[in-house]
Structure formats: structure tokens, C-alpha cells
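Undergrad: My structure is below; once you've seen it, I'll send some questions.
The values are calculated or read from the model by the stated rules, or taken from the named source; none is laboratory data. Keep in mind it's a predicted model, so treat the numbers as computed, not measured. Neighbour counts are summed over all protein chains in view; Cβ atoms, including those assigned to glycine, are modelled from backbone coordinates with ideal geometry.
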Amino acid sequence: MERTDWKHTFRLNFMALKILGLWPPGQGAYGYNLYTLYAYSALIILQVCHVFFQTVNLYFIMDDLQSVTGTIFILLSKTAVALKSYYLMKNMKMLKHVMATVDGDLFQPRNEEQNKLIQPAITAWKLTVGTFAGLAIACLFFWTFFPILDKTYKVYRLPFLAWYPYNYKTSPQYELTYLYQVLCTHFIATTNVNIDGLIAALNMFVAAQFEILCDDLRNFHQGDDENSRDVKEKLKTCINHHREILKFADHANKFYNWLLFVQFFVGGVSIGLAIYALIKVIPFSSEFFSLVTYANAILVEVFMYCWFGNDIEFKSSKLSYAIFESDWTGLSTEVKKDMIILVLRMQRSLQISALGLFYLNLDTFVRILRTAWSYFALLRQTEITCTILERRILKSILFRCGSLEVCLG
């Protein structure tokens with residue numbers, strides 16, 4: 001049977017990351033070369049500086065709750081992508097080591113049936129990442145063109161509120177600054193989609209390996225024709241496969257531990273703030289659609305992490321049952337003892353965590369949605385409270401002015 005080229009499955013991710021400066025050539029980390037200079041220049045100029053200019057602008061709009069929330073939820077996402085990029089570059093050697101093992105013999109499907117078993121996982125990964133990328137493209141379109149569509153470019157409005165150390169409300173500074181923001185946003189969005197797609201691919205790979213191992217355990221003994229030595233060798237191969245899967249998952253989890261924590265925190269806050277910003281803009285305007293696509297993109301992004309994490313947990317929990325689906329009753333006592341030891345090791349399902357604080361599963365996804373709604377409710381309540389206070393202050397001022405007029409009269 002033809003070998004499965006796992007790296008070929010992820011080739012588009014690798015190609016995009018290479019263009020973005022996030023996948024150096026060779027098997028090692030970044031060296032002292034032009035590619036490293038390009039990678040760090042892109043990180044600083046197109047990500048860090050863009051985030052810095054938006055952050056400084058918060059000081060000048062602190063009294064405007066709508067502008068602050070409209071800036072923060074986008075700023076948080078862009079900051080998270082900058083952190084992801086830096087963390088990816090810093091731990092490139094670890095990631096390259098993990099990726100070097102994916103095409104090993106133990107991780108290969110043994111027959112055509114197993115090859116069919118892993119196809120749904122690969123299809124789900126492609127569909128989820130494709131949906132996320134599609135929403136990101138739609139979001140980029142509206143962010144890029146909404147000042148033009150809303151005709152606010154006539155008052156020199158930029159796609160994003162930001163401070164610059166020069167007057168950008170003149171030509172050609174306005175056009176150049178506009179182009180800079182668009183370029184930065186496209187670069188950041190492409191980076192985010194491909195880093196998240198790669199992490200989802202690692203989790204999908206682990207889940208697919210558990211699917212292969214389940215099939216091996218069901219069929220490691222298929223009748224009385226096999227001798228005890230052959231059965232024991234097959235069981236030993238299954239044990240080694242299980243050990244390698246756990247090792248791969250552990251190394252992968254160590255690589256993206258912090259990335260998960262940052263993403264889940266930012267995701268919950270961003271969804272809540274995006275919903276709040278959504279009720280403050282003109283319905284069905286280009287800015288409205290940019291917020292809708294953004295909120296949905298973040299939703300799919302968080303769901304993608306949780307879905308494949310949940311898939312790992314579910315498929316790893318089936319291992320201890322799969323071994324008893326084999327024809328084990330006629331095995332020797334020695335092999336049965338090895339089976340019992342293996343079952344005991346497989347009793348606990350594998351869970352992918354973020355710093356050990358929470359696990360990647362659908363329950364976590366629901367909790368993030370609840371948290372996002374809590375942020376929205378808090379902002380809404382704060383706005384209502386501020387409005388009531390403003391009205392009371394205004395009434396008090398008007399009352400005092402009226403009293404003063406009576407006294408003067």
C-alpha cells in the first residue's frame with residue numbers, strides 16, 4: 001500500500017508560513033541569514049508597530065466607550081497574533097522536531113481500511129480551516145473597503161483608529177497610511193489563519209492516530225492460525241504506537257500551551273466586545289458586516305481548537321474498548337496479562353490542556369460563549385448606568401439653573 005504523506009496534507013500551511021517568514025528552510029530553527037532578517041522585520045514593522053500605534057490612540061479616546069471597545073477587541077486579536085508569531089519563531093526548533101516524526105512508520109495506516117478511517121478527520125480539518133479562512137477573507141474585505149463604501153474616506157477616516165506621529169489627514173500621507181493599515185491587517189490575518197490551521201492539524205493528526213490504533217487493537221488477533229509469538233509482536237507494536245502517540249501529543253501540547261491560553265482569553269473577550277460594538281453601528285452598513293464576519297471568524301477559530309481537542313479525548317477513550325473487540329479469548333495467559341496492563345494504561349483518555357487550567361473540548365467552548373456574553377452584558381449595563389448618571393447630572397444642572405433664574409428674577 002502507498003504511504004500516507006502527512007506533510008503533503010499540510011503543504012499549503014507550510015507554504016504560507018514560509019512566505020510570512022514563519023517557516024525557515026531546513027530542519028533547524030532560525031539562523032543568522034536574510035530569511036531571519038526578513039522574518040523579524042515583518043514581525044516588527046507589520047505587527048508590533050501596527051499594534052503600538054493603535055494602543056497609543058487609546059489614550060486619546062478614553063472618554064468614548066464606543067470607540068474604546070471598538071478598538072480593544074480588534075487590538076486584542078492583533079496582539080494575540082503577534083504573540084503567536086513570536087512564540088512560533090522562538091520554539092521553531094521544537095516544532096520542527098515534532099513535525100519530523102509525523103511520517104514515521106508507526107504513524108502510517110497499515111491497510112486501505114485504515115486509510116479510509118482517517119479521511120473524515122482530514123476532511124473535517126480542511127472544512128474547518130477553510131471556513132475560518134473564508135470568514136477571515138470576508139472580514140478583510142469589509143475592513144479594507146468600509147471607509148470607501150461608507151464614503152468616510154472624504155473626512156480621512158482610516159480602517160482602524162490609530163495614532164501616528166504625523167498628520168495623516170492630508171494627501172499623500174492619508175493614502176500611504178491607509179495602505180499600511182491594509183497591508184498590516186492582511187499580513188496579520190493570514191498569519192493567524194495559518195498558525196491556527198497548523199495547531200488544528202497537529203490535534204487532528206493525534207486523533208487520526210488513535211483511530212488507526214483502535215483498528216489495530218481490534219484486529220491484532222484474528223483467529224487460531226496465528227502463533228503466540230506473532231500475536232505478541234503485534235501487541236508490542238500497538239504498545240509502541242500508543243507510547244509514540246502520547247509522546248507526540250505531549251511535545252505538541254508543550255509547543256502550543258501558551259498559545260491556547262492566549263487564544264482562549266482573547267477569544268472570549270473579543271466575541272463579547274464585538275457583539276457590543278455591533279449594536280452601536282448602523283445596521284447593514286459595511287462596518288456592521290465587518291463586525292459580523294469578525295465575530296463569526298473568532299467563533300469558528302475557538303470552535304476549531306475545541307472540536308479537535310474533543311476529538312482526541314473521545315477517540316482515545318475508545319482504546320480500552322477496542323482491544324476487547326478482538327478475538328482475545330483464545331490467547332495465551334502471558335498475552336492476556338500484557339493486554340490487561342495495556343488496558344489499564346489506556347483507561348484514562350488523553351486531554352489537551354492550556355497550561356493545565358482548562359481542556360480543549362466542547363464544554364470549554366460553551367463556557368467561552370457564556371464568558372463572552374457576560375462581557376457583553378457588563379458593558380451594556382455600564383453604558384446604561386453611565387446614561388442614567390448623565391441624565392441625573394443634567395437634570396440637577398437644569399434644576400439649579402432654574403432656581404438661579406427664579407432668585408435673580
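Undergrad: Between a first residue in the range 378-393 that is under 14 Å from ASP64 (Cα atoms) and a second residue that is in a helix (DSSP H, G or I) and modelled with pLDDT under 75, which pairs have beta carbons less than 7 Å apart while being 6 or more apart in sequence or on different chains?
TA: GLU383/LEU65
Undergrad: Inside the range 281-294, can you point out the residues that are assigned to a helix (DSSP H, G or I) and touching a residue at least 40 places away in the same chain (Cβ under 8 Å)? I'd like the intermediate steps shown before the answer.
TA: Step one: list which residues in the range 281-294 are assigned to a helix (DSSP H, G or I), which gives 286-294.
Within the range 281-294, SER286, GLU287, PHE289, SER290, THR293, TYR294 qualify.
Undergrad: If you don't mind, another one. Among the residues of the range 108-163, write down those that are basic (Lys, Arg), farther than 23 Å from ALA189 by Cα and without any contact (Cβ under 8 Å) to a residue 40 or more places away in the chain.
TA: To start, the set of residues in the range 108-163 that are basic (Lys, Arg) comprises 110, 116, 126, 151, 154, 157.
Remaining after also requiring farther than 23 Å from ALA189 by Cα: 110, 116, 151, 154.
LYS116, LYS151, LYS154 - these are the residues of the range 108-163 that are basic (Lys, Arg), farther than 23 Å from ALA189 by Cα and without any contact (Cβ under 8 Å) to a residue 40 or more places away in the chain.
Undergrad: Another question, if that's okay. Need the failing condition index for TYR35 against (1) over 22 Å from the mean Cα position of the chain (by Cα); (2) without any contact (Cβ under 8 Å) to a residue 12 or more places away in the chain; (3) more than 30 Å from PRO109 (Cα to Cα), just the number.
TA: With (1) over 22 Å from the mean Cα position of the chain (by Cα); (2) without any contact (Cβ under 8 Å) to a residue 12 or more places away in the chain; (3) more than 30 Å from PRO109 (Cα to Cα) applied to TYR35, the lone miss is (2).
Undergrad: Surrounded by fewer than 19 Cβ atoms within 10 Å (Cβ to Cβ) and of a type in the set (A, V, I, L, M): is that true of MET94 in this structure?
TA: Values: surrounded by fewer than 19 Cβ atoms within 10 Å (Cβ to Cβ): yes; of a type in the set (A, V, I, L, M): yes.
Judged against the criteria, MET94 is a match.
Undergrad: Output the residues belonging to the range 96-113 that are within 10 Å of ARG3 (Cα to Cα) and of a type in the set (Lys, Arg).
TA: Passing the criteria: only ARG110.
Undergrad: Can you go through TYR87, TYR180, TYR166 and tell me which one is of a type outside the set (D, E, K, R) and farther than 21 Å from ILE19 by Cα?
TA: Working: TYR87 fails: farther than 21 Å from ILE19 by Cα; TYR180 fails: farther than 21 Å from ILE19 by Cα.
Of TYR87, TYR180, TYR166, the one residue that is of a type outside the set (D, E, K, R) and farther than 21 Å from ILE19 by Cα is TYR166.
Undergrad: Further question: Looking at PHE261, PHE303 in this structure, which one is touching a strand residue (DSSP E or B) at 6+ places or on another chain (Cβ under 6 Å) and over 30 Å from ASP216 (Cβ atoms)? Don't jump to the end; show me each part of the working.
TA: Working: PHE303 fails: touching a strand residue (DSSP E or B) at 6+ places or on another chain (Cβ under 6 Å).
None of the other options fit; the residue is PHE261.
Undergrad: Give the residue that is modelled with the lowest pLDDT, with candidates limited to residues of the range 311-360 that are closer than 21 Å to HIS242 by Cα and among the polar types (S, T, N, Q).
TA: Residue satisfying both the conditions and the ranking: SER326.
Undergrad: Of the residues that sit in the range 295-321 and are surrounded by fewer than 20 Cβ atoms within 10 Å (Cβ to Cβ), under 17 Å from LEU342 (Cβ atoms) and in contact (Cβ under 8 Å) with a residue 24 or more places away in the chain, which one is nearest to the chain's Cα centre (by Cα)?
TA: Only one residue tops the list, namely SER317.
Undergrad: Taking PHE132, is it among the aromatic types (Phe, Trp, Tyr), surrounded by fewer than 19 Cβ atoms within 10 Å (Cβ to Cβ) and in a helix (DSSP H, G or I)? Show your work before the answer.
TA: On the way: among the aromatic types (Phe, Trp, Tyr): yes; surrounded by fewer than 19 Cβ atoms within 10 Å (Cβ to Cβ): no; in a helix (DSSP H, G or I): yes.
Judged against the criteria, PHE132 is not a match.
Undergrad: What helices (runs of 4 or more DSSP H) completely inside the range 1-82 contain at least 2 residues that are modelled with pLDDT of 85 or more and β-branched (Val, Ile, Thr)?
TA: Details: elements: 6-9, 11-19, 34-43, 49-57.
It comes to 49-57.
Undergrad: Can you say whether TYR276 is under 30 Å from PHE142 (Cα atoms), in contact (Cβ under 8 Å) with a residue 24 or more places away in the chain and surrounded by 15 or more Cβ atoms within 10 Å (Cβ to Cβ), as far as the supplied structure shows? It would help to see each step written out before you state the result.
TA: Working: under 30 Å from PHE142 (Cα atoms): yes; in contact (Cβ under 8 Å) with a residue 24 or more places away in the chain: yes; surrounded by 15 or more Cβ atoms within 10 Å (Cβ to Cβ): yes.
In short, yes.
Undergrad: Same structure again: Could you please let me know if ALA201 is outside any loop (DSSP other than H, G, I, E, B), out of contact with any Leu (no Cβ under 7 Å at 6 or more places or on another chain), in contact (Cβ under 8 Å) with a residue 24 or more places away in the chain and not aromatic (Phe, Trp, Tyr)? Quick ask: steps written out before the conclusion?
TA: Details: outside any loop (DSSP other than H, G, I, E, B): yes; out of contact with any Leu (no Cβ under 7 Å at 6 or more places or on another chain): yes; in contact (Cβ under 8 Å) with a residue 24 or more places away in the chain: yes; not aromatic (Phe, Trp, Tyr): yes.
Yes, satisfied.
Residues are listed down the side, and each one gets a yes or a no for (1) in contact with a Ser or Thr (Cβ under 9 Å, 6 or more places away or on another chain); (2) surrounded by fewer than 20 Cβ atoms within 10 Å (Cβ to Cβ); (3) of a type in the set (Phe, Trp, Tyr); (4) at positive phi:
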residue: LEU198; (1), (2), (3), (4): no, no, no, no
residue: ASP230; (1), (2), (3), (4): no, yes, no, no
residue: ARG243; (1), (2), (3), (4): no, yes, no, no
residue: PHE261; (1), (2), (3), (4): no, yes, yes, no
residue: PHE265; (1), (2), (3), (4): no, yes, yes, no
residue: LYS280; (1), (2), (3), (4): yes, yes, no, no
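Undergrad: State which residue is modelled with the lowest pLDDT when the search covers only the range 125-177 and only residues that are closer than 18 Å to PHE60 by Cβ and hydrophobic (A, V, I, L, M, F, W, C).
TA: The residue in question is VAL155.
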